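Presented below is the structure to which this report refers.
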Amino acid sequence: MLNLDFFTKQKAYFLSGNTRSIKKRIQALEKLDSSITTNESRIFEALKKDLNKSNFESYLTEIAILKSEIKLIKKKLNKWSKPKRVKSTLASFPSKDYLLLEPYGITLIISPWNYPFQLALLPLISSIAAGNTVVIKPSEHSPNTSKLIKEIISNIFVEDYVKVILGDSKVATKLLELRWDYIFFTGSVNVGKIIAKAASKFLTPVTLELGGKNPCIIDKNTDVKLTAKRLIWGKFVNAGQTCIAPDYLIVEKSIKKNLIEELILEIERAYGKNQENSEDYPRIINQQNTQRLISMLNDQEIIYGGNHNVDKKYLSPTIINNPDLKSDLMRNEIFGPILPIIEFNNREDIFKLIYNYEKPLALYIFSKSSEFYNDIINKVSFGGGVINDTMIQFGNHRLPFGGVGESGMGAYHGESGFKLFSHQKPIVKKGNWLDISTRYAPYEGKLKSLKKLLRFLN
Ligand code: NAD
């Protein structure tokens, strides 16, 4: 049974004003930062147990981004949180107009297993920066990391301020029955819909960071070797279990053969000929997901890899040629180390294919032709993307990160994250020394002068 006392306590803590001081918000983030440093080896160990991540990959994709986010917030929070003067209108003259950023209050973060440390703590950092209290419900499928997150958080924060609650979907369901001031969810589209429905009960604002099938388009006008290198990195980091990993390739026919050769060379350069022996190649999160991915290979033309061991949660980097578009592999988000390759002859083939799918979270294009990539980025809607590389959009905290359509709503990172967890409250402070009487009833005979006045003001 979930004891819900914490909720009343967090409400009281928030209402008492404890979370509001900018100095205290920064101190809280400093505590989190130094605790991440102190626990670095335990974080590595937990991620190794959950996903067999190498320390290098764990640092790059789970720790570094948190530290740089905290560093940025420490530098900028004073500026971001100041009331922002905006120009007044002549219609409200005389007045001072400004925007206040106020914390929402009690916030809930529900996170997934694929980057279990980073995706639980990055929204926490934004929410603390904005002055909220936070409850985190991390994923049950990455138990070692989730347990460590709970320990780290309970050692540095009172539960009235930040609390971690472990558990599965049943626990999440119970939490969603409460009246939160903001809900931030990262996970699958299907669960995202459940979250949005639960939030609608109290009209709670919600951010949904979801997934989808991310296309990667490769023009003939590209450096094939470099393309292969950047692509293999983006696809096989975390064994493809990344929401913004390239899901499938659409390659210009004339370079396909050459690209495949380079992709294979690059896989073997990065992870060796037998990737099961590589220290750097992660595992699938659990046997059920390994089985799900293996089933996706049925009846497909495997041109590289396909080796697997369900007990060891292993699936080697795998390349599929000309996948069946009606198959499971091409109808669902892959979220694993399988790379299907489709060829195109002309631009129309690309649009026809991409428009079959919901709006993706990411889109990648490799091309030296600005006409080629601009045509695509201007015609296709997607969360965010990169030209001539993969995944690096996530690393720039000056760029908001989020989806569109089925890949999500709302965007965070850096100032966007701070704003996301803040209500932007517009205030007009009216002066009393002048009072133009046109707007007051009775209106008889005033319409003409109203129109004249508005023509003048606009
Ligand atoms: P998931 O949706 O199964 O689970 C995410 C969280 O929701 C977990 O904490 C889980 O306990 C909880 N949950 C599960 N069922 C629930 C329910 N019925 N009610 C309430 N909560 C419930 O996702 P996952 O398998 O952990 O993660 C993989 C998915 O997440 C992929 O689709 C991936 O693309 C997406 N993802 C998106 C981003 C992003 O930033 N946009 C990042 C990582 C992963």
- Message: VAL171 - would you say it is more than 8 Å from the ligand (Cβ to nearest atom) and among the β-branched types (Val, Ile, Thr)?
- Response: no
- When segment 152-166 is examined, which residues are found to be within 19 Å of ASN3 (Cβ to Cβ), open to solvent by 30 Å² or more (accessible area, probe 1.4 Å) and in contact with a helix residue (DSSP H, G or I) (Cβ under 9 Å, 6 or more places away or on another chain)? VAL158, GLU159, ASP160, LYS163, LEU166
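The rows are residues; the columns are (1) open to solvent by 60 Å² or more (accessible area, probe 1.4 Å); (2) within 16 Å of the ligand (Cβ to nearest atom); (3) within 13 Å of LYS419 (Cα to Cα).
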residue	(1), (2), (3)
LYS79	yes, no, yes
LYS84	yes, no, yes
SER88	no, no, no
LEU99	no, no, yes
PRO112	no, yes, no
TYR115	no, yes, no
LEU119	no, yes, no
- Pair list, Cβ < 6 Å and 6+ apart or interchain, from segment 191-205 residues that are under 10 Å from LEU176 (Cα atoms) and open to solvent by less than 30 Å² (accessible area, probe 1.4 Å) to residues that are outside any helix (DSSP H, G or I) and away from the ligand (no atom under 11 Å from the Cβ): ALA199/VAL206
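Of the residues SER146, SER127, SER139, which single one is away from the ligand (no atom under 15 Å from the Cβ) and either open to solvent by less than 10 Å² (accessible area, probe 1.4 Å) or of a type in the set (S, T, N, Q) (or both)?
Numbers: SER146 fails: away from the ligand (no atom under 15 Å from the Cβ); SER139 fails: away from the ligand (no atom under 15 Å from the Cβ).
Just one listed residue meets the conditions, SER127.
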- Item | Criterion violated by HIS413 - all others in (1) within 16 Å of the ligand (Cβ to nearest atom); (2) modelled with pLDDT under 95; (3) farther than 30 Å from ILE255 by Cβ satisfied | (2)
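For VAL171, indicate whether it is in contact with a helix residue (DSSP H, G or I) (Cβ under 7 Å, 6 or more places away or on another chain) and under 23 Å from VAL191 (Cβ atoms).
Details: in contact with a helix residue (DSSP H, G or I) (Cβ under 7 Å, 6 or more places away or on another chain): no; under 23 Å from VAL191 (Cβ atoms): yes.
Here the answer is no, as VAL171 does not meet what is asked.
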- Here is a list of conditions, (1) touching a residue at least 60 places away in the same chain (Cβ under 8 Å); (2) farther than 24 Å from TYR314 by Cα; (3) outside the structural domain of SER35 (by TED's automatic domain parsing), and LYS235 meets all of them except one; can you say which number that is? (2)
- Return the residue satisfying two criteria in turn: it lies in segment 199-218 and is within 10 Å of the ligand (Cβ to nearest atom) and part of a loop (DSSP other than H, G, I, E, B), and of such residues it is farthest from LYS256 (Cα to Cα). LEU210
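The values are calculated or read from the model by the stated rules, or taken from the named source; none is laboratory data. All of these numbers come straight from a predicted model, not from anything done at the bench. Cβ sites come from the backbone with ideal geometry, for glycine too, and all protein chains shown count toward neighbours. All accessible areas refer to the heavy atoms of the entire protein, side chains included, with ligands and DNA or RNA removed. Shrake-Rupley method; radii C 1.70, N 1.55, O 1.52, S 1.80 Å.
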